[in-house]
1. So how many residues does segment 21-53 have that are among the charged types (D, E, K, R), in a loop (DSSP other than H, G, I, E, B) and modelled with pLDDT of 85 or more?
2. Given (1) surrounded by 11 or more Cβ atoms within 10 Å (Cβ to Cβ); (2) modelled with pLDDT of 95 or more, where does S8 come up short, assuming only one miss?
Amino acid sequence: MQEPLTLSDAERRMILTLRNMPDSPLRDRVLRLVEDVLAFARNPRCHEMQADGVPCERPEADCDQCQVVTALLATLEGRVPRG
């Protein structure tokens, strides 16, 4: 039996917002985009990927500091209207 999943307030808001969207191609597209952004942030595929699979030229770098991920997020933040 699985243990109950504990969510933060932010996680709960995201799930409820998605669930409150009517079924539509737009909802499907939003879901795919969110899933893709989360997967990319979790495991960035930087253009500097080396043959040994290290995600960038600086294997000692913290992935949170990855310039490719932060640049993508900055682009999205700048383009999404705040409501």
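The values are calculated or read from the model by the stated rules, or taken from the named source; none is laboratory data. Here the structure is a predicted model, which is why all the values come from computation and not from measurement. Every residue, glycine among them, receives a Cβ derived from its backbone with ideal geometry; neighbour counts consider all protein chains shown.
1. Initially, segment 21-53 is screened for residues among the charged types (D, E, K, R), giving 23, 27-29, 32, 35-36, 42, 45, 48, 52.
Of the ones still in play, those that are also in a loop (DSSP other than H, G, I, E, B) are 23, 45, 48, 52.
Next, from what is left, pick out any that are modelled with pLDDT of 85 or more: 23.
Qualifying residue count, segment 21-53: 1.
2. Just one mismatch for S8, condition (1).
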